[in-house]
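**Student:** Here you go, one structure.
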Amino acid sequence: MGLVMGTFSMQSKQVSYHKDKADDDLEMTMVCHRPEGLDQLEAQTNFSKRELQVLYRGFKNECPSGVVNEDTFKQIYSQFFPHGDASAYAHYLFNAFDTGNTGSIKFEDFVTALSILLRGSITEKLQWTFNLYDINRDGYINKEEMTDIVRAIYDMMGKYTYPALKTDAPKQHVDAFFQKMDKNRDGVVTLDEFILSCQEDENIMRSLQLFENVI
């Protein structure tokens, strides 16, 4: 689940821990957007202060302004999928990170989501995944939304990952999901249905690995 860190983490691995809090606070004042203090972020996430320092330096190296817009996010994310088209999936992923619908991702947005995806509980991870699929944010997942996400994932993985991929594969994938998830057969999947289905069915959990592998 480390790919979403992208070049941020790759750059941060070269940074030494031997800087004190004053240095970090000074660095944070030199960007257009100043993130919340490390103490507050440590309390809000599952990362230690040192881990946040390393993540922040990598984030700042890629995004000196302190924020990431969608175009930059797509450029960074596409580096990891050279054999496919990652633009559509990166768009949906960007929107999931941009919880405030501001059109940009701040460092706080980045580490909060990363904390859930890497170290959150099963329920927290499934809630985050549900929000990714709930494109219009109405509290439900319909077949069209899930099909859009699944098709974007297939497009991103590329022809080399799926040499015998059929054109109707995304639809078949979604039909199988809905058959198991839509408990009351009303044509939409609620958060409760989504979590319950995933937790009780090992096949669905394995299917969700497709999503986890690209995070």
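The values are calculated or read from the model by the stated rules, or taken from the named source; none is laboratory data. Treat the numbers as computed from the prediction; the structure is a model and nothing was measured. Using ideal geometry, Cβ is built from the backbone for each residue, glycine included, and neighbour counts are taken over all protein chains shown. Note: accessible area is taken over every heavy atom of the protein model, side chains too, but ligands, DNA and RNA are not part of it. Shrake-Rupley method; radii C 1.70, N 1.55, O 1.52, S 1.80 Å.
**Student:** Cβ-Cβ under 8 Å, sequence separation 6+ or interchain: first residue in the range 179-193 and under 14 Å from Y133 (Cα atoms), partner of a type outside the set (G, A, S) and loosely packed, with under 15 Cβ neighbours inside 10 Å. Which pairs?
**Tutor:** Correct list of pairs: E193/K183; E193/N184.
**Student:** Any residue that is modelled with pLDDT of 90 or more and under 21 Å from Y89 (Cβ atoms) - is there at least one of those in the range 162-172?
**Tutor:** Checked against the condition, which is being modelled with pLDDT of 90 or more and under 21 Å from Y89 (Cβ atoms), the range 162-172 yields no hits at all.
**Student:** Report every pair of residues separated by at least 6 positions or lying on different chains whose Cβ atoms are under 9 Å apart, first residue within the range 66-95 and without any contact (Cβ under 8 Å) to a residue 12 or more places away in the chain, second of a type in the set (G, A, S) and assigned to a helix (DSSP H, G or I).
**Tutor:** These pairs meet every condition: Q75/A90.
**Student:** Just give me the residues in the range 48-57 being open to solvent by 50 Å² or more (accessible area, probe 1.4 Å) and of a type in the set (K, R), in sequence order.
**Tutor:** Initial filter on the range 48-57 (open to solvent by 50 Å² or more (accessible area, probe 1.4 Å)): 49-51.
Selection gives K49, R50.
**Student:** Taking the conditions exactly as written (of a type in the set (K, R) and farther than 19 Å from F177 by Cβ), does R137 satisfy them or not? Reasoning before the result, please.
**Tutor:** On the way: of a type in the set (K, R): yes; farther than 19 Å from F177 by Cβ: yes.
Yes.
**Student:** Just need a number here: residues in the range 139-159 that are over 19 Å from F80 (Cβ atoms) and modelled with pLDDT under 90. Show your work before the answer.
**Tutor:** Initial filter on the range 139-159 (over 19 Å from F80 (Cβ atoms)): 139-148.
Next, from what is left, pick out any that are modelled with pLDDT under 90: none.
Looking only at that region, the number is 0.
**Student:** Right, here's the next one. Please go through the range 58-95 and pick out each residue that is open to solvent by less than 20 Å² (accessible area, probe 1.4 Å) and either within 23 Å of E124 (Cβ to Cβ) or modelled with pLDDT of 90 or more (or both).
**Tutor:** Of everything in the range 58-95, those that are open to solvent by less than 20 Å² (accessible area, probe 1.4 Å) and either within 23 Å of E124 (Cβ to Cβ) or modelled with pLDDT of 90 or more (or both) turn out to be F59, V68, F73, Y77, A86, Y89, A90, L93, F94.
**Student:** Where in the range 92-163 are there helices (runs of 4 or more DSSP H), lying wholly inside it, with at least 1 residues that are among the β-branched types (V, I, T), closer than 26 Å to E202 by Cβ and touching a His at 6+ places or on another chain (Cβ under 9 Å)? Walk me through how you get there before you give the answer.
**Tutor:** Working: elements: 107-119, 122-133, 143-157.
Answer list for the range 92-163: 143-157.
**Student:** Out of (1) open to solvent by 40 Å² or more (accessible area, probe 1.4 Å); (2) out of contact with any strand residue (DSSP E or B) (no Cβ under 9 Å at 6 or more places or on another chain), the odd one out for I153 is which?
**Tutor:** With (1) open to solvent by 40 Å² or more (accessible area, probe 1.4 Å); (2) out of contact with any strand residue (DSSP E or B) (no Cβ under 9 Å at 6 or more places or on another chain) applied to I153, the lone miss is (1).
**Student:** Of everything in the range 74-91, what is in contact with a Leu (Cβ under 8 Å, 6 or more places away or on another chain) and in a helix (DSSP H, G or I)? Give them in sequence order. Quick ask: steps written out before the conclusion?
**Tutor:** Of the range 74-91, the ones in contact with a Leu (Cβ under 8 Å, 6 or more places away or on another chain) are 77, 80.
Passing the criteria: only Y77.
**Student:** Please name all residue pairs, on different chains or six or more residues apart, with Cβ atoms under 7 Å, provided the first residue is in the range 112-127 and is closer than 13 Å to C198 by Cβ and among the polar types (S, T, N, Q) and the second residue is assigned to a helix (DSSP H, G or I) and open to solvent by less than 50 Å² (accessible area, probe 1.4 Å).
**Tutor:** The qualifying pairs are T123/I195.
**Student:** Right, another one. Do you know which of the residues in the range 32-47 that are modelled with pLDDT of 90 or more and open to solvent by 20 Å² or more (accessible area, probe 1.4 Å) is nearest to D98 (Cα to Cα)?
**Tutor:** Narrowing the range 32-47 to residues modelled with pLDDT of 90 or more: 40-47.
Those still in the list that are open to solvent by 20 Å² or more (accessible area, probe 1.4 Å) too: 40, 42-44, 46.
Values: Q40: 19, E42: 20, A43: 20, Q44: 17, N46: 19 Å.
If we take residues in the range 32-47 being modelled with pLDDT of 90 or more and open to solvent by 20 Å² or more (accessible area, probe 1.4 Å), then Q44 is nearest to D98 (Cα to Cα).
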